[in-house]
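The values are calculated or read from the model by the stated rules, or taken from the named source; none is laboratory data. None of these values were measured; they are calculated from a predicted model. Positions of Cβ are generated from backbone atoms using ideal geometry, with glycine treated the same way; all protein chains shown enter the neighbour counts.
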Amino acid sequence: MKKTVAYAALLLIAAGLIGPKFIGASAKERVDTYVEALNSNTVYKASWKEYRSGWFESGGTLQFELNMPALAAAPDADATAEIDPVAFGFDAEVTMQHGPVLTREGFALGLVNWQLDLVQPQGLEGMVQWDESLPLYSAAGQAGLFGDMRFSEQIPALKLQIDAGAPQFDFSGYTSGGTLSGGQVEYRGSSRGMSTAGPEGGMEMGAIDVDFTAQYDGDLVDLMAGALYDMQGSVKLASIKAAGDEPVFDLQNLVMDIDSILSDNGDLADIKLGYAAARVTAGDTRVTDAGVDIIVENYSAEFNKRYTKLLADSTGNTDVEQIQAQMQTFMQQDLLLLLRENPELKLENLRFSLPEGEFKGRAQIKLDGITELPADPNDPEFWLQHIVMSANLAADNALAERIAVQFAQMQLSNNAPPETTPEQLAEAAQQQGPMMLGMFGQQGILVQQEGQYRFDFSYNKGESVLNGNPIDLPIGAILSAK
């Protein structure tokens with residue numbers, strides 16, 4: 001018994017003394033894998049500027065570079081001019097304590113405890129101000145013995161101004177943290193907000209809260225390459241206010257939701273992006289309960305990977321003809337990966353309210369039964385035999401009249417003689433708006449039911465129905481029109 005205890009003690013001591021060396025080598029290999037994946041992008045580059053290997057601890061300096069075309073930095077530049085890259089960069093100090101015994105945050109068992117601090121930003125000198133006793137970005141984490149991980153990150157408050165005449169950007173900072181356990185990632189972050197100020201006005205953005213949960217058993221490298229995964233998350237923004245001499249825009253309680261669900265075999269994904277705002281005020285117009293859900297169903301995971309790679313390869317490329325040629329080749333070779341899965345795009349729960357009433361709607365379009373691409377991708381007859389779509393819109397009577405009046409006033413203002421006064425335009429629009437609704441009603445485009453104007457349309461591979469009545473709609477001629 002005593003020998004067994006002694007042997008066990010020796011094994012534990014050996015693991016504590018020998019294990020860190022192997023764990024350190026493994027951690028370095030893992031970081032190198034992520035660096036290699038990052039370098040597959042034409043814009044981002046990373047490399048070890050210095051690396052120090054120790055028995056119980058290792059680390060070094062990672063050098064990151066971001067190269068962008070000068071044209072992107074200066075949109076008004078001559079597109080035919082020679083483009084020089086604009087480089088930004090920074091050094092990141094990395095330290096890793098090797099397990100299995102970790103002592104940085106008290107005694108714990110684990111693989112590695114790591115810290116990354118962004119220092120020495122290059123190309124931003126004189127533009128960014130912050131408390132330089134803090135790193136401009138820091139992240140820390142600890143990996144457990146059985147694959148679990150916890151991490152945190154922080155960006156301090158900072159000010160950014162490109163030059164003396166440019167608007168100033170004030171950011172309150174950002175803190176976040178998360179865990180990885182059993183194939184589930186949880187992440188939460190928050191900021192008190194940000195603002196911009198300049199000669200022509202400014203913008204204030206209120207508190208930001210980020211909350212994501214994802215289920216993924218794969219590797220971070222796969223995610224960087226565009227792998228899809230199950231995820232539920234939200235970004236909540238308390239307010240956005242933009243103003244000049246007078247308030248011109250005010251948005252309250254914006255919520256952006258995302259929900260991604262993979263098929264059982266992982267080949268397809270259904271993705272929903274939801275947007276909702278409690279109130280939006282723009283000038284004299286005040287909208288409440290505005291929102292829409294954008295849904296993509298039967299989205300090919302393999303297509304997404306290849307499209308992500310295409311974007312990564314073309315990012316930073318300023319040769320327009322080459323980019324167009326790459327896109328054309330991609331469409332010829334890989335578009336069928338998407339189309340053969342019968343992809344569908346939906347707009348659900350489209351809504352907003354004005355004092356005159358509510359607007360609600362939904363729409364969808366699906367490509368069904370495509371097994372091969374046409375010889376001529378611009379052939380409308382091919383696509384019309386595979387399109388299934390519908391739209392259902394409804395607006396309260398008073399709201400529909402307001403929309404019609406505003407539309408009529410916009411049309412009149414574009415064609416009115418210069419001497420026409422705003423009052424004359426408004427009076428003419430008040431007359432023409434209801435007449436326009438009446439004309440649409442006579443043509444069967446709109447119907448009135450239960451205090452609403454309604455529009456219900458469906459198209460299924462050549463057959464059209466409008467408000468319950470079959471119609472001969474020359475969609476092919478419309479799509480073919482030059």
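Screening VAL296 against (1) crowded, with 16+ Cβ neighbours inside 10 Å; (2) at negative phi leaves a single unmet condition, (1). If you check GLY274 against the conditions, is it under 20 Å from the mean Cα position of the chain (by Cα) and not aliphatic (A, V, I, L, M)? Yes: the conditions hold for GLY274.
Taking the stated definitions as given, is ILE370 crowded, with 16+ Cβ neighbours inside 10 Å, outside the structural domain of GLU463 (by TED's automatic domain parsing) and β-branched (Val, Ile, Thr)? Walk me through how you get there before you give the answer.
Working: crowded, with 16+ Cβ neighbours inside 10 Å: yes; outside the structural domain of GLU463 (by TED's automatic domain parsing): yes; β-branched (Val, Ile, Thr): yes.
In short, yes.
Summed over the range 150-176, residues that are under 16 Å from TYR137 (Cβ atoms) and surrounded by fewer than 16 Cβ atoms within 10 Å (Cβ to Cβ) total 3.
How many residues are in a strand (DSSP E or B), free of Cβ contacts under 8 Å to residues at least 40 places away in the same chain and over 11 Å from ARG150 (Cβ atoms) if we restrict to the range 99-114?
Going residue by residue through the range 99-114, those that are in a strand (DSSP E or B) are 101-102, 104, 106, 108-109, 112-114.
Keeping just the survivors that are free of Cβ contacts under 8 Å to residues at least 40 places away in the same chain gives 104, 106, 108-109, 113.
Imposing the further condition that a residue be over 11 Å from ARG150 (Cβ atoms) reduces the set to 104, 106, 109.
The total comes to 3.
In the list ALA214, ALA197, which residue meets the criterion of being of a type in the set (A, V, I, L, M), more than 18 Å from the chain's Cα centre (by Cα), at negative phi and at pLDDT below 95? Give the steps one after another, and end with the answer.
Values: ALA214 fails: more than 18 Å from the chain's Cα centre (by Cα).
Every option except ALA197 fails the conditions.
Here the condition is being surrounded by 13 or more Cβ atoms within 10 Å (Cβ to Cβ), modelled with pLDDT of 85 or more and either within 22 Å of THR175 (Cβ to Cβ) or in contact with a strand residue (DSSP E or B) (Cβ under 9 Å, 6 or more places away or on another chain) (or both); of GLU65, GLU93, GLU57, it holds for GLU93 alone. With the structure loaded, tell me whether VAL388 is in contact (Cβ under 8 Å) with a residue 12 or more places away in the chain, more than 28 Å from ALA277 (Cβ to Cβ) and in the same structural domain as GLY438 (by TED's automatic domain parsing) or whether it fails that test. It is true that VAL388 is in contact (Cβ under 8 Å) with a residue 12 or more places away in the chain, more than 28 Å from ALA277 (Cβ to Cβ) and in the same structural domain as GLY438 (by TED's automatic domain parsing).
Checking TRP130, TRP114 one by one, the residue that is modelled with pLDDT under 85 and closer than 26 Å to GLU65 by Cα is TRP114 and no other. With the condition kept exactly as written, say whether any residue in the range 312-319 is free of Cβ contacts under 8 Å to residues at least 24 places away in the same chain, loosely packed, with under 15 Cβ neighbours inside 10 Å and over 27 Å from LEU268 (Cα atoms). Yes: the range 312-319 contains one or more residues that are free of Cβ contacts under 8 Å to residues at least 24 places away in the same chain, loosely packed, with under 15 Cβ neighbours inside 10 Å and over 27 Å from LEU268 (Cα atoms).
Quick check on my filter: what residues within the range 233-288 are surrounded by 16 or more Cβ atoms within 10 Å (Cβ to Cβ) and modelled with pLDDT under 90? Across the range 233-288, the qualifying residue is only ALA242.
Within the range 427-445, residues that are at pLDDT 90 or above and buried (at least 17 other Cβ atoms within 10 Å of the Cβ) sit with their Cβ atoms under 7 Å from residues that are in a helix (DSSP H, G or I) and of a type in the set (Asp, Glu), at 6+ positions apart or across chains, in these pairs: LEU437/GLU401.
Quick check on LEU273: is it without any contact (Cβ under 8 Å) to a residue 24 or more places away in the chain and assigned to a strand (DSSP E or B)? Answer is yes for this residue. Of all the residues in the range 159-201, those that are hydroxyl-bearing (Ser, Thr, Tyr) and within 15 Å of VAL128 (Cβ to Cβ) number 3.
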